[in-house]
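Below you'll find the structure, written out as structure tokens, and then a few comments.
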Amino acid sequence: MNDIDLLNTLALMRVEGVGDIVAKKLINHLGSAQAVFAAKRSAILAIEGVGSILYNNLRNTNVFALAENEVKFIRANNIKPLFFMDAGYPERLKHCIDGPVVLFSSGNIDLANRKTISIVGTRQMTSYGADFCRKLIEDLQPLNPVIISGFAYGVDIFAHNVAMEQNLQTIGVVAHGLNQVYPKVHKKYVAAMEQNGGFFTEFWSTSNPDKENFVKRNRIVAGLSEATIII
């Protein structure tokens, strides 16, 4: 995305009453986020499910200052924004009605023609769970899948590490902005993961790892994958 498209798209996502589903509806009808902001009242109200309150919210120009700060962060930190209509946006996630309008990416992620498996589970993994997880990934290794998880304690970080041991690409879907690492003790794994894989998030740099964010990110973990294994 160029900076103008990115700025307008991020600004749209900050408009009160606009989430992923509504934003996609507006963009699909009018062509772009920039066109949404420029649209006349009649064009906005002609869209099913969109009313005058949302139209009035779209007049709030304060969202552009927030979006501009995020664009600066993205460009300064070599983060790749993936727009839901772009060719580079994960194909499986395009089929999720509530998939993120913009997905932020870091590292060296390549999902083209790749099998994707999510492995998630308990934060308190047993030895049996660890043995099962390791054998599963080792058995999958000849298929060269991408191993996706949530970079959390327990099963998540174990799956990431076994994937790296097997020279498999692995992706952590995190519940916060890419300006931080959570849990902090997992910072030591970031560089290795970004060499062959990396991180996805829908959250801005202003977002902390709040409880509700973990629930939201789970739909991305599942939506990216051909199968989800829970241990």
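The values are calculated or read from the model by the stated rules, or taken from the named source; none is laboratory data. Just so you know, these numbers come straight off a predicted model, no measurement behind them. Glycine also receives a Cβ, built like all others from the backbone with ideal geometry; neighbour counts cover every protein chain displayed.
Among the residues of the stretch 98-117, what is the count of those that are of a type in the set (S, T, N, Q) and within 20 Å of PHE203 (Cα to Cα)? Reasoning before the result, please.
Residues of the stretch 98-117 that are of a type in the set (S, T, N, Q), as a first pass: 105-106, 108, 113, 116.
From what is left, the residues that are within 20 Å of PHE203 (Cα to Cα) are 105-106, 108.
Qualifying residue count, the stretch 98-117: 3.
Being crowded, with 19+ Cβ neighbours inside 10 Å, touching a residue at least 12 places away in the same chain (Cβ under 8 Å) and out of contact with any Phe, Trp or Tyr (no Cβ under 9 Å at 6 or more places or on another chain) narrows it down to one of ILE53, ILE27, ILE117, ILE109, so name that one.
Values: ILE53 fails: crowded, with 19+ Cβ neighbours inside 10 Å; ILE27 fails: out of contact with any Phe, Trp or Tyr (no Cβ under 9 Å at 6 or more places or on another chain); ILE109 fails: out of contact with any Phe, Trp or Tyr (no Cβ under 9 Å at 6 or more places or on another chain).
Only one candidate passes the filter, namely ILE117.
Would you mind listing the helices (runs of 4 or more DSSP H) fully within the stretch 22-129 where at least 3 residues are polar (S, T, N, Q) and outside the structural domain of ALA191 (by TED's automatic domain parsing)? Quick ask: steps written out before the conclusion?
Values: elements: 33-38, 41-45, 52-57, 62-76.
Answer list for the stretch 22-129: 52-57.
Does GLY17 fit the bill of being among the small types (Gly, Ala, Ser), part of a loop (DSSP other than H, G, I, E, B), touching a residue at least 24 places away in the same chain (Cβ under 8 Å) and under 18 Å from GLY177 (Cα atoms)? Spell out how you get there, then give the answer.
Numbers: among the small types (Gly, Ala, Ser): yes; part of a loop (DSSP other than H, G, I, E, B): yes; touching a residue at least 24 places away in the same chain (Cβ under 8 Å): yes; under 18 Å from GLY177 (Cα atoms): no.
No; evaluated as a whole, the condition is false for this residue.
Go through the residues of the stretch 210-224 one by one and say whether even a single one is closer than 24 Å to ALA76 by Cα, in contact with a helix residue (DSSP H, G or I) (Cβ under 8 Å, 6 or more places away or on another chain) and assigned to a loop (DSSP other than H, G, I, E, B).
For the stretch 210-224, residues closer than 24 Å to ALA76 by Cα, in contact with a helix residue (DSSP H, G or I) (Cβ under 8 Å, 6 or more places away or on another chain) and assigned to a loop (DSSP other than H, G, I, E, B): absent.
Quick one: which residue in ARG92, ARG59 is farther than 18 Å from THR201 by Cα and of a type in the set (Lys, Arg)?
Result: ARG59 is the single residue among ARG92, ARG59 that is farther than 18 Å from THR201 by Cα and of a type in the set (Lys, Arg).
Cβ-Cβ under 7 Å, sequence separation 6+ or interchain: first residue in the stretch 192-209 and of a type in the set (Gly, Ala, Ser), partner assigned to a loop (DSSP other than H, G, I, E, B). Which pairs?
GLY197/ILE109; GLY197/GLN169; GLY198/ILE109; SER205/GLY177; SER205/LEU178; SER205/ASN179; SER207/HIS176; SER207/GLY177
Suppose the filter is surrounded by fewer than 16 Cβ atoms within 10 Å (Cβ to Cβ) and touching a Lys or Arg at 6+ places or on another chain (Cβ under 7 Å); does ASP98 pass it? So that I can check it myself, show each step before the final result.
Details: surrounded by fewer than 16 Cβ atoms within 10 Å (Cβ to Cβ): yes; touching a Lys or Arg at 6+ places or on another chain (Cβ under 7 Å): yes.
Yes, satisfied.
Can you pull out the residues in the stretch 158-184 that are buried (at least 21 other Cβ atoms within 10 Å of the Cβ) and assigned to a helix (DSSP H, G or I)?
Matches in the stretch 158-184: ALA159, HIS160, VAL162, ALA163.
Keeping to the stretch 159-211, report how many residues are aromatic (Phe, Trp, Tyr) and in contact with a Ser or Thr (Cβ under 9 Å, 6 or more places away or on another chain). Please lay out each step first, then the result.
Going through the stretch 159-211, the residues aromatic (Phe, Trp, Tyr) turn out to be 182, 189, 199-200, 203-204.
Keeping just the survivors that are in contact with a Ser or Thr (Cβ under 9 Å, 6 or more places away or on another chain) gives 199-200.
Final tally of qualifying residues: 2.
Starting from residues that are hydrophobic (A, V, I, L, M, F, W, C) and surrounded by fewer than 19 Cβ atoms within 10 Å (Cβ to Cβ), keep the ones in the stretch 80-95 and report whichever is modelled with the lowest pLDDT. Show your work before the answer.
Here is the first cut: in the stretch 80-95, the residues hydrophobic (A, V, I, L, M, F, W, C) are 82-85, 87, 93.
Next cut, surrounded by fewer than 19 Cβ atoms within 10 Å (Cβ to Cβ) only: 85, 87.
Working: MET85: 95, ALA87: 90.
Here the answer is ALA87.
Just give me the residues in the stretch 185-200 being small (Gly, Ala, Ser) and either in a loop (DSSP other than H, G, I, E, B) or crowded, with 20+ Cβ neighbours inside 10 Å (or both), in sequence order. Steps first, please.
Here is the first cut: in the stretch 185-200, the residues small (Gly, Ala, Ser) are 191-192, 197-198.
Result: GLY197, GLY198.
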